[in-house]
1. In whole Hz, what ³J(HN,Hα) sequence does the stretch 32-39 give by Karplus (6.51, -1.76, 1.60; θ = phi - 60°), x for Gly and Pro?
2. Zone of Glu99 (label point 7 Å along Cα→Cβ, backbone N under 19 Å): which residues in the stretch 33-59?
Amino acid sequence: MGKVGRPIKRTAEAVVKDIRRQTRRKFGSVPSKIFEYSKLGLPILYFGGGEGEDIIKNNKLAWIAKAGDYEGLNLKIAKIIKSEIAYDLKNKIKNTAKENFSFNAPLNKIARLI
């Protein structure tokens, strides 16, 4: 299988981010793009592993492909159906980001515990 091309990204309206280079330099860091894209309601196809993958999975922000598995990435992209990327999914992602990734989210959780 070939590389992922621009038409696939545009057609699927998904964001593909290979952060392997970033995580090599900053071990254990979470790419800020996860938070930026989710606040915009963009479904994310995550391809980086680590804590970022956990954030995508736990918050159901869209799809995950195993880090470094380019064949698996291509298969995941091929299975994405444009109709899956509807207003409801985008709105759900925005609401998840608002509830979990805002500055006040941790403070609100602490206030509820007190």
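1. 5, 4, 4, 6, 5, 5, 5, 5
2. Flagged as within label range: 35-44, 54-59.
Computed from the coordinates by the stated procedures, all read-outs in this text should not be read as laboratory data. These figures come from a predicted structure and were not determined experimentally. Positions of Cβ are generated from backbone atoms using ideal geometry, with glycine treated the same way; all protein chains shown enter the neighbour counts.
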